[in-house]
1. What percent does the relative contact order of the chain come to when contacts are Cα pairs within less than 8 Å and at least six residues apart?
2. So what is the accessible area of segment 131-289 per residue, in Å², with the probe set to 1.4 Å?
3. To test your reading of the geometry: what angle, between 0 and 90 degrees and rounded to tens, separates the Cα axis of helix 176-191 from the longest principal axis of the chain?
4. In the calculated pair distance distribution of segment 1-129, what percentage of Cα-Cα distances lie above 27 Å?
5. State, to one decimal in nm, how far the label point of Arg122 lies from the label point of Ala177, with both points 7 Å from Cα in the Cβ direction.
6. On a 0 to 90 degree scale, rounded to 10, what angle separates helix 146-158 from the longest Cα axis of the chain?
7. Explain nothing, just the number: dipole magnitude of the chain about its Cα centre with +1 on each Lys and Arg Cβ and -1 on each Asp and Glu Cβ, in debye rounded to the nearest 20.
8. Would you mind telling me which residue in Thr171, Thr94, Thr53 has the biggest mean-square fluctuation in a Gaussian network model of the chain, where springs connect alpha carbons within a distance under 10 angstrom?
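The values are calculated or read from the model by the stated rules, or taken from the named source; none is laboratory data. Values in this document were obtained by computation on a predicted structure and should not be read as measured data. Cβ sites come from the backbone with ideal geometry, for glycine too, and all protein chains shown count toward neighbours. To get the accessible areas, we keep the full protein, side chains included, count just its heavy atoms, and leave off ligands, DNA and RNA. Shrake-Rupley method; radii C 1.70, N 1.55, O 1.52, S 1.80 Å.
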Amino acid sequence: MPAAPLLSRSQMIRLRGLSKSYGPLKALDGLDLEVRRGELFAFLGPNGAGKSTTIRILNGITRLDTGEAFIGGVDIRRDPLKAKRLCGMVAQHTSLDGELSVAENLEIHGRLYGMSREDRRRSAREHLEYVEMADRAETLVKTLSGGLKRRLMIARALVHRPRLLFLDEPTVGLDPAIRRRIWSLVKSINRDGVTVFLTTHYIEEAEFLADTVAFVNRGRLLETGPPQDIMGRLGSWAVDTFEGGEMKTRFFRERGEAAECLRGLSESGSLRRVNLEDAFLSLTGRRVA
Ligand code: ADP
């Protein structure tokens, strides 16, 4: 009987027992994770949970200590360059060259990935159109607004046509209207077949965008699944109160039960739908559920 395949064709990322320590500190402590091809995946956790370490390992910036990591079926320890070519990365901090034009920034990226002159020109043009910046090709990057810089970073990450796009806090510091524009862009990139791996501190961003979310804490996976399923485990309705100087939330399956609880409270409270932030808080222990 032939050996069972290590990887299913449907997996874009597979991590098994991923561990990484910095001296005595375990940044990753046996992390298991799967991301399916084509999905929009949000990776969530409090500060220090190990999110950046995971992304750095997947992008070949940091070495793992023990465990397995595959991207698109490629073992990142055996063939790091092949794995890297499958990935595009939009880092949290602007890493564009402000003294160069928009087109020149894309050109350099294409060269780094060994693309032919014709291919990198074509791809740069296509991706500038894609992020609606075709008219900015000759603009000096340092003169662009924060939102345009973010869109340019996304275009640049796509120039070598990766199958997997990492977005590390893609909307941090952007105003709400521009954030929504980035959300639409992320959705359309994903619809066009690119798997998206997103980290964000805006939990509502993950709830709105992601097919699957994963919560991590202390370098381990706590929970993964569709946002609706994870929220549903708490209930459908929530009542928030402020008791003894602390915010408290109670969860209910039925609206009627929640309304009854609200009526019975001695202090004032409010009734609302359960959201993904509730799940985040209850799983990571940041607020007693
Ligand atoms: P997150 O991105 O979820 O905030 P990180 O992956 O950055 O978490 O960090 C996980 C843990 O590892 C933290 O406690 C952090 O201080 C530690 N850490 C990360 N990188 C280093 C490093 N280069 N040297 C020492 N400790 C580090």
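1. Value for the chain: 20 percent.
2. Roughly 48 Å² per residue, with all protein chains present.
3. Taking Cα atoms only, the helix is inclined about 70 degrees.
4. Working: 2713 of 8256 pairs.
Summing the P(r) of segment 1-129 above 27 Å gives 33 percent of all pairs.
5. The two pseudo-label positions are separated by 3.7 nm.
6. 60
7. Working: 46 positive and 38 negative charges, 175 e Å.
Its charge dipole is roughly 840 debye.
8. Looking only at Thr171, Thr94, Thr53, the largest GNM fluctuation is found for Thr94.
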